[in-house]
Amino acid sequence: MTEEPCQCSDCQRFYKQHDRLIREFPTFKQQQELNWASIQSFRTLCTKVTDELQRQLSERASNQDISTEENHISEDEISEALDELESVNAYLYSIEALMERIFETKISNNIESKFKEVANELAPDPLNMDRLILNRLFHQTPDSTDKKNIN
């Protein structure tokens, strides 16, 4: 028996994003580049936030008379976040090292074509006319589980 995909809003958002990334980046090389860019942007953002939090913490240490209104983030919260972000950055560096190994892999054009073919099967375009017709037909079916019988 196959397990049905989760229908919660978080999972549905993930499935849509997952399928969109497959549709928009259907080749091996595009997936390599997408993942590399994603890791780099995450690392850049985490590093920038870490630097900003460290700056705030050092300013507070040197300037104890800052009003409490300006301290909307507590020192404890900043310290905890800095510890967590240091771990995240370490993990991202590890992922980057693994990604470098993936970038060493080269795929022929014939295999890239297979990636595109499989991508179309995994994540067909939701706005494709055939898919829209099938969806409309499915939703008109009287025994569809998402329709309530109104009598």
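Length gain on complete extension for the stretch ARG23 to GLU96, per 0.36 nm per residue less the alpha carbon to alpha carbon distance?
23.9 nm
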remark   = Count of lysine pairs, region 1-122, Cα-Cα under 15 Å, sep. 8 or more residues or interchain, comes to 4
message = As an exercise, use a Förster radius of 35 Å and the Cβ-Cβ distance of SER87 and GLU4 to find the FRET efficiency, rounded to the nearest 0.05.
response = 0.50
Net charge of neighbours whose Cβ lies under 14 Å from the Cβ of SER38, counting Lys and Arg as +1 and Asp and Glu as -1 = -1
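Read the figures in this text as sums done on the coordinates, not as results from a lab. These numbers were taken from a predicted model, which means no experiment stands behind them. Here Cβ is always computed from backbone atoms with ideal geometry, including for glycine, and neighbour counts include all displayed protein chains.
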